[in-house]
Amino acid sequence: MKDPKLFLRMFFDDENLEDDFDLITSNILDSLGTQNLILYIEDKFSIDIFADEVTPPNFKNINSISRFILSKLSDKEELT
């Protein structure tokens, strides 16, 4: 399985980005950045992200985004 944290660090182009660093309040992840991140995640992990899933708890930091991705992948595996 792909490691979401590795792919997220590649997206943010920062290997030293802390897993719990708040991407929203720091303005690293603004509305356009969030849209680009969603497209990146959907492409890299072959999952669909719906508008109601794009919430601060799911996209606050690398940890929360990684948990969200793993949850989506788990849901996807259960359907197959």
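The residue that is nearest to MET10 (Cα to Cα), counting only those in the range 26-56 that are of a type in the set (Val, Ile, Thr) and either at pLDDT 95 or above or touching a Ser or Thr at 6+ places or on another chain (Cβ under 6 Å) (or both), is ILE41. Every residue in the range 10-55 that is closer than 23 Å to ASP75 by Cβ, in contact (Cβ under 8 Å) with a residue 40 or more places away in the chain and surrounded by 14 or more Cβ atoms within 10 Å (Cβ to Cβ), please. Correct list: LYS44, PHE45. Entry remark, the range 1-56: residues being small (Gly, Ala, Ser) and on the phi > 0 side of the Ramachandran plot number 1 in total. Scan the range 56-80 for residues that are without any contact (Cβ under 8 Å) to a residue 24 or more places away in the chain and more than 10 Å from the chain's Cα centre (by Cα) and the total you get is 8. If you scan the range 57-73, which residues turn out to be over 18 Å from PHE11 (Cβ atoms) and surrounded by 10 or more Cβ atoms within 10 Å (Cβ to Cβ)? Listed by number, the list holds a single entry, SER71.
The values are calculated or read from the model by the stated rules, or taken from the named source; none is laboratory data. Because the structure is predicted, anything quoted here is derived from the model rather than measured. With ideal geometry, Cβ positions are generated from the backbone for all residues, glycine too; neighbour counts draw on all protein chains shown.
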